[in-house]
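Chemist: Below are the structure tokens for one structure; questions will follow.
The values are calculated or read from the model by the stated rules, or taken from the named source; none is laboratory data. Just so it is clear, the model here is predicted, and its values are computed rather than measured. A quick note on method: Cβ atoms are made from the backbone with ideal geometry, for glycine too, and the neighbour counts reach across all protein chains shown.
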């Protein structure tokens, strides 16, 4: 506030609710913004990149006739790999946003889950939660979509995996709850994104978790995502 008869001075910004705000020629600045949707970059490079550069992961780039469909050349068949060692490494690479580590990690997860057995996935499931949570906490829409699609394929790999994921909903669902409303309502127009929006992928993932998670899945999803409505009970 200013008590000068002829105001010719510049306002000096001061913090609110302080004695300085009662001084002459001062103005209070507003509250700071909460960066709730700001992207959080990992403090260090992923273990996937470290092991890949060291040559511990038996993959390379495929340059054959079907390179547009197959990105990875496996030097060892993925079904013969130790899933408890390599699958958590590939999940740790979901937070990569640079080429070619991003493509190696995402395509590696897809190839390994396609040939994995349910017993192998149940043994290494607790080791996949922390890398997936770290990737979701980056708040990058592209990384979130890739992580959720990996979880969709993981749930469909066996009938008991969805129920085994229910205790880990509190680690996996806070970020989907935050980004669930980040969608565009286009009415009766055609969506040319092809289901690549964050809100659409989150809805599909939650419905898939409920269908494969057993009788306790809906209550645990509802606890973490209050705006979610059941796709099984409301028919």
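Chemist: Cβ contacts < 8 Å: first residue on the phi < 0 side of the Ramachandran plot and without any contact (Cβ under 8 Å) to a residue 12 or more places away in the chain, restricted to the range 129-149; second residue buried (at least 18 other Cβ atoms within 10 Å of the Cβ) and not in a helix (DSSP H, G or I), any location; separation 6+ or different chain. Result?
Modeler: Pairs that qualify, where the first residue is on the phi < 0 side of the Ramachandran plot and without any contact (Cβ under 8 Å) to a residue 12 or more places away in the chain and the partner is buried (at least 18 other Cβ atoms within 10 Å of the Cβ) and not in a helix (DSSP H, G or I): there are none.
Chemist: Checking residue 136 against (1) more than 23 Å from residue 58 (Cα to Cα); (2) in contact with a helix residue (DSSP H, G or I) (Cβ under 8 Å, 6 or more places away or on another chain); (3) surrounded by fewer than 22 Cβ atoms within 10 Å (Cβ to Cβ), which test does it fail?
Modeler: (3)
Chemist: For the structure I just gave you, tell me whether residue 78 is surrounded by fewer than 11 Cβ atoms within 10 Å (Cβ to Cβ) and more than 18 Å from residue 147 (Cα to Cα).
Modeler: no
Chemist: Answer yes or no: is there a residue in the range 89-98 that is in a helix (DSSP H, G or I), within 23 Å of residue 61 (Cβ to Cβ) and touching a strand residue (DSSP E or B) at 6+ places or on another chain (Cβ under 9 Å).
Modeler: No, the range 89-98 has no match at all.
Chemist: May I ask you to verify whether residue 58 is more than 30 Å from residue 73 (Cα to Cα) and either at pLDDT 80 or above or touching a helix residue (DSSP H, G or I) at 6+ places or on another chain (Cβ under 8 Å) (or both)?
Modeler: Answer is no for this residue.
Chemist: Within the range 114-141, can you find the residues that are closer than 22 Å to residue 203 by Cα, modelled with pLDDT under 90 and part of a helix (DSSP H, G or I)?
Modeler: Correct list: 141 only.
Chemist: State all residues of the range 42-60 that are surrounded by 13 or more Cβ atoms within 10 Å (Cβ to Cβ) and assigned to a helix (DSSP H, G or I); if no residue qualifies, say none.
Modeler: Within the range 42-60, 47, 48, 49, 50, 51, 52 meet the criteria.
Chemist: Right, another one. Could you please let me know if residue 115 is over 25 Å from residue 35 (Cα atoms) and touching a helix residue (DSSP H, G or I) at 6+ places or on another chain (Cβ under 9 Å)?
Modeler: It is true that residue 115 is over 25 Å from residue 35 (Cα atoms) and touching a helix residue (DSSP H, G or I) at 6+ places or on another chain (Cβ under 9 Å).
Chemist: So, residue 120, is that one touching a helix residue (DSSP H, G or I) at 6+ places or on another chain (Cβ under 8 Å), within 22 Å of residue 167 (Cβ to Cβ) and surrounded by fewer than 17 Cβ atoms within 10 Å (Cβ to Cβ) or not? Can you show your working first?
Modeler: Values: touching a helix residue (DSSP H, G or I) at 6+ places or on another chain (Cβ under 8 Å): yes; within 22 Å of residue 167 (Cβ to Cβ): yes; surrounded by fewer than 17 Cβ atoms within 10 Å (Cβ to Cβ): no.
Criteria not met by residue 120.
Chemist: Search the range 82-105 for residues being surrounded by 19 or more Cβ atoms within 10 Å (Cβ to Cβ) and more than 19 Å from the chain's Cα centre (by Cα), and hand back the single one that is farthest from residue 125 (Cα to Cα).
Modeler: The residue in question is 86.
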